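Engineer: Take this structure first; my questions come after.
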Amino acid sequence: MKKILIVSLALFSVSALAKENVPNPNITNVNSSRVAAGCSPATSQTDMDVNNVRATILGGGDMWWNLSDAQYEIPKGSGLNSLFSGALWIGGVDAGGQLKVAAMTYRQSGNDFWPGPLDVATASITSEECTAWDKHFKIDRADVEEYVARFGIDPTYTSDMIPSSITDWPAHGNGAQDHFLAPFFDANGNGFYEPYDGDYPDYNITGTNDLASLYGDQTLWWIFNDKG
């Protein structure tokens, strides 16, 4: 009984401390990058809610919380959360040997990621573009399967019945952004996303698209940068 009590107290202590991010007072040589485009922090959030899990994904590199409470619910609808939060950390060493890191914690010390794709020539982005891309694109494989099975084959499946998740799929960037963004199956191979001509998000629906890059029953796609 004593061992069980000690383990329980240890687990409680870990969970109580998990939310706080206390800066190390011994580190004095950290240089924080400036926001180049004046972009506002990402505000978008959506849920990955396939099968028996509901996990909130934010648009700024962090996930599984709503900026205050845990949002990784298993079983879905139970109100029980197995994780508090998580985030993407990316680091590397530049040509001068300087370590560069973009890493989100709990946003109390700022943001390292902002919405949107960069200009391919200048590696820049405007605050307006950041705002325009502050969103997720969510799609269910079942919708794409129905589209492939019926579009152009079933006369009762008209173009206005194509889900917006397919027609609004962000396959291409704007202006000087990369031409190819979200992956898609290009039915006629012309390099342009045309959902009214048989193109669709890049699942291997027919079993012949070996280069498909989307998997699973549900996909969330969004884009962010560390320059904004």
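Engineer: Give the residue that is nearest to TRP222 (Cα to Cα), with candidates limited to residues of region 71-97 that are of a type in the set (Phe, Trp, Tyr) and surrounded by 15 or more Cβ atoms within 10 Å (Cβ to Cβ). Let's see the steps before the verdict.
Structural biologist: Of region 71-97, the ones of a type in the set (Phe, Trp, Tyr) are 72, 84, 89.
Next, from what is left, pick out any that are surrounded by 15 or more Cβ atoms within 10 Å (Cβ to Cβ): 72, 84.
Details: TYR72: 19, PHE84: 22 Å.
Applying the filter and picking the extreme gives TYR72.
Engineer: Among what's in region 37-70 and is of a type in the set (D, E, K, R) and in contact with a strand residue (DSSP E or B) (Cβ under 7 Å, 6 or more places away or on another chain), pick the residue that is surrounded by the most Cβ atoms within 10 Å (Cβ to Cβ). Working first, answer last.
Structural biologist: Filtering region 37-70 down to residues of a type in the set (D, E, K, R) leaves 47, 49, 54, 62, 69.
Checking which are in contact with a strand residue (DSSP E or B) (Cβ under 7 Å, 6 or more places away or on another chain) leaves us with 47, 54, 62.
Values: ASP47: 17, ARG54: 18, ASP62: 23.
Checked region 37-70; the qualifying residue surrounded by the most Cβ atoms within 10 Å (Cβ to Cβ) is ASP62.
Engineer: Let me ask something else about it. Take region 183-228 and flag every residue that is surrounded by fewer than 21 Cβ atoms within 10 Å (Cβ to Cβ), in contact (Cβ under 8 Å) with a residue 40 or more places away in the chain, in a loop (DSSP other than H, G, I, E, B) and not β-branched (Val, Ile, Thr).
Structural biologist: Hits for region 183-228 are GLY198, GLY216, ASP217, ASP226, LYS227.
Engineer: Say whether the condition of being polar (S, T, N, Q), under 25 Å from THR46 (Cα atoms) and in contact with a Pro (Cβ under 6 Å, 6 or more places away or on another chain) is met by at least one residue in region 150-166.
Structural biologist: Step one: of region 150-166, the residues polar (S, T, N, Q) are 156, 158-159, 164-165.
Subsequent filtering for residues that are under 25 Å from THR46 (Cα atoms) retains 164-165.
Narrowing further to those that are in contact with a Pro (Cβ under 6 Å, 6 or more places away or on another chain): none.
Within region 150-166 (the criterion being polar (S, T, N, Q), under 25 Å from THR46 (Cα atoms) and in contact with a Pro (Cβ under 6 Å, 6 or more places away or on another chain)), the answer is no, since none of the residues qualifies.
Engineer: Only one of these conditions is not met by LYS100: (1) surrounded by 10 or more Cβ atoms within 10 Å (Cβ to Cβ); (2) modelled with pLDDT of 95 or more; (3) farther than 26 Å from PHE180 by Cα. Which number is it?
Structural biologist: Checking LYS100 against (1) surrounded by 10 or more Cβ atoms within 10 Å (Cβ to Cβ); (2) modelled with pLDDT of 95 or more; (3) farther than 26 Å from PHE180 by Cα, the one that fails is (2).
The values are calculated or read from the model by the stated rules, or taken from the named source; none is laboratory data. Given the structure is predicted, the values throughout are model-derived calculations rather than measurements. A quick note on method: Cβ atoms are made from the backbone with ideal geometry, for glycine too, and the neighbour counts reach across all protein chains shown.
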